[in-house]
Structures are given as C-alpha cells and as structure tokens.
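Report on the structure given below.
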Amino acid sequence: MNIFHTFTFLAALLTATSAIAERTFKWIDNEGQVHYGNLVPPEYAKKERRVINEQGRTVKIYEAAKTPEEKAAAEKAAELEARKKALDEKQATHDRSLLATYASKQDMLLARDGKVSAVEALLQLTSSRIRSMKQRLHELTEEAATYERSGKQLPHSVEAQINNLRTLITRNEAFIKEKEQELAKINTQFDTDINRFVELTAETDNMKTSVQRVANLEAARSNPDIELTRHDRTLLTTYGGEEDLVLARDQQLESINELLALTSERIESMQVHFAELSDNADEYESRGQKLPEVLLGQMKNVLESISQSEELLALKTKEKADIEKQYEQDITRYRQLTASN
C-alpha cells in the first residue's frame, strides 16, 4: 500500500514538473524583439514576462521589478490614497450628521444665529464688565496716590482690590479674544456646512419642504372649522413641521439663558466687590476717619451697576417667559391647523 502511494506521488510530481517545463513564456528583449520559450534568460528575469497557454492566450503576467524610485512613488501614491479615503470617510460621517441634525437650510441659519447671538452677548457683557473694572481701578489708583502724597500707608484692602482688578481685567480681555476667535470659527463652519447641506439636499428636499408647507396651508384653508388669521398663515408658510417650531424656540431660549447666567454671575461679582468696599469703609470708621470721597463714589457706582444688572435680569427673565408662552401657543395652534393632514 505504501509502495502504491509512493508511485502515485512520483507520477503526480513528474506530471507537474512536465507541466512547468512545458510552460511557454513571452518576453521582450532590450532591442524590442518579442521572444517565446520555456525559460526566460536571466537578464530578462526581472522584466515583465507572460505565460502563454497552448491556445496562445496570456494566462499570467509577471510584472517587472520596480526600481527604488518606482517603489517610493508607489508607496507615496498608496499613502495619498489612504489619506484621501480617510478624509472621504470623515466627510461622509459629517454629512450624515448634518442631515440627521437639520431639516432645512432655515434650521441651520437659526442655529447659527442662536450661537452667534450667545457669543455676541458674552462679548458685550464682558466688555461692559471690563469698562466697569477699569473705572474702579482708576478710582482706586487715585485713592492710592492720595495715600502716597499724604505719607500714609496704603490699606491692605485697597492694595488687594487693585491687584485683583488688574488680574480680572487681564483675564477678561483674554476671554474676549478667545470668544472673538470662536465667533469667527462659528461663522466659517456654518458657511461651509450650509453650502454642503444645500449640495446634499439639492432640489429634492427643498421641493419636499415647500410642497409640505403649501399642503398644510391648503388643508387649513379648506377646513370649514378653521378661520385663518395672518399669524396662522405665517406659521404654516414659515415652518415645515412642529419640530421646526421646537427648534426655533430652543435656540432663542439658549441665547437668553446664556445671558441670564452671565448677568447673574456679574451681579454676584459686583456684590462681592461691594462687600470688599464695605470692609474698607469699616476700616476707616474703626480708626475714626472720614470716608474718602473716592471710596464713597465707588460704592455708589457699584450699587448703581448692581441695580442696572438686576433690571436687565428681570427684563430678560420676563422676555424668556414671554417667548415660552408665545411658542407654547404657536405649537398648539400649529397642531390645530395641521390636524386635518
């Protein structure tokens, strides 16, 4: 049995060797002449050659060995292709995110305006805060000069306030630069995203949204139980669905909530500053000295600023409540107008 297997193996090996030996190669020499044969000369072994079957067809191609320059070029091309593929995948992910987040170009504009308004409110509030702190610093510096001219030692509380104000001014000015850069990035990114969104949605989605709005308006007009007002028509032609109303509401509230938080923070900061001024005043009174006019002016200015900020806080709180109420009414009315659809 073992002898039989041995002969079978040898026969197969001889057949395979014969097949290999009978292979016909095709190659081109240095003069451009085409050659055929069972063996390729060594000097052409690294050049392109082809295996030809009995019918004269090419069944396999051995590519020519690459030079170091060609290898480097191939590696660079593969690297560029891989980088392009990664960028394409990243763009595809961002495209899916855009389409999942926004229903229309109008939604994107509302989102952009909401973010811009929030940052601009921060810039405005911070600039106001810097002006106020610089005014206080000027007053404290004058007070310190008064002590120096009179030969009296500068109270520790005044010195601490001056140092603290200088630090806060530096921080707030750096914050403004950071937010200005953020504002520029928001506008640039939204410009890019809006253009891309328009490319992705092109005519189909815009047409779909317009058709939906027209359908909502026509359905409401034909409903005998509904008496359309001018505001009703505005709702139906402005928003393609209830989710558009919710998005618009949330974006307006986001901006106001940001301003409310900053105003509250500013009030707390000024209250702390007024407490510092009060401690300074107590120090004068404990020594039986008259309060300097500069200190009295500072306390008056801080109290006025606190009062103004509290008025702004109350105004914006009422504005937020009005927005919430108006959108609640609009959403309810929009549901009534589109119920027949």
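Tabulated results
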quantity: Residue ID - nearest to the chain's Cα centre (by Cα), chosen from residues in segment 148-159 that are under 19 Å from Ala281 (Cα atoms) and without any contact (Cβ under 8 Å) to a residue 12 or more places away in the chain; calculated: His156
quantity: Failed condition for Val119, given (1) closer than 30 Å to Val198 by Cα; (2) at pLDDT 85 or above; (3) loosely packed, with under 13 Cβ neighbours inside 10 Å; calculated: (3)
quantity: Candidates Glu293, Glu283 - the one that is free of Cβ contacts under 8 Å to residues at least 12 places away in the same chain and over 28 Å from Leu109 (Cβ atoms); calculated: Glu293
quantity: So Met270, is it touching a residue at least 12 places away in the same chain (Cβ under 8 Å) and in contact with a Phe, Trp or Tyr (Cβ under 8 Å, 6 or more places away or on another chain); calculated: no
quantity: Test for Asn257: is it exposed (fewer than 13 other Cβ atoms within 10 Å of the Cβ), under 35 Å from the mean Cα position of the chain (by Cα), modelled with pLDDT of 85 or more and in the same structural domain as Ser132 (by TED's automatic domain parsing); calculated: no
quantity: Residues within segment 274-317 that are basic (Lys, Arg) and either outside the structural domain of Lys152 (by TED's automatic domain parsing) or assigned to a helix (DSSP H, G or I) (or both), tallied; calculated: 2
quantity: Residue that is surrounded by the fewest Cβ atoms within 10 Å (Cβ to Cβ), among those in segment 277-300 that are among the acidic types (Asp, Glu) and farther than 13 Å from Glu139 by Cβ; calculated: Glu285
quantity: Any chance Asp193 is among the acidic types (Asp, Glu), more than 28 Å from Ala314 (Cα to Cα), assigned by TED's automatic domain parsing to the domain that holds Arg333 and at pLDDT 85 or above; calculated: yes
quantity: Filter pass, Gln91 being among the polar types (S, T, N, Q) and outside the structural domain of Arg266 (by TED's automatic domain parsing); calculated: yes
quantity: Of the criteria (1) charged (D, E, K, R); (2) more than 30 Å from Leu228 (Cβ to Cβ); (3) part of a helix (DSSP H, G or I), which one Lys320 fails; calculated: (2)
quantity: Test: residue in segment 56-69 that is within 46 Å of the chain's Cα centre (by Cα) and modelled with pLDDT of 75 or more; calculated: yes
quantity: Condition met for Leu312 (modelled with pLDDT under 85 and either in contact with a helix residue (DSSP H, G or I) (Cβ under 7 Å, 6 or more places away or on another chain) or surrounded by 11 or more Cβ atoms within 10 Å (Cβ to Cβ) (or both)); calculated: no
quantity: Scan of segment 226-261 for residues that are within 12 Å of Ala103 (Cα to Cα), not in a helix (DSSP H, G or I) and not small (Gly, Ala, Ser), ordered by number; calculated: Tyr239
quantity: Test: residue in segment 121-139 that is touching a residue at least 60 places away in the same chain (Cβ under 8 Å), of a type outside the set (S, T, N, Q) and under 16 Å from Glu293 (Cα atoms); calculated: yes
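The values are calculated or read from the model by the stated rules, or taken from the named source; none is laboratory data. These numbers come from a predicted model, not from an experiment. So basically every Cβ, Gly included, is an ideal-geometry build from the backbone, and we count neighbours across all protein chains shown.
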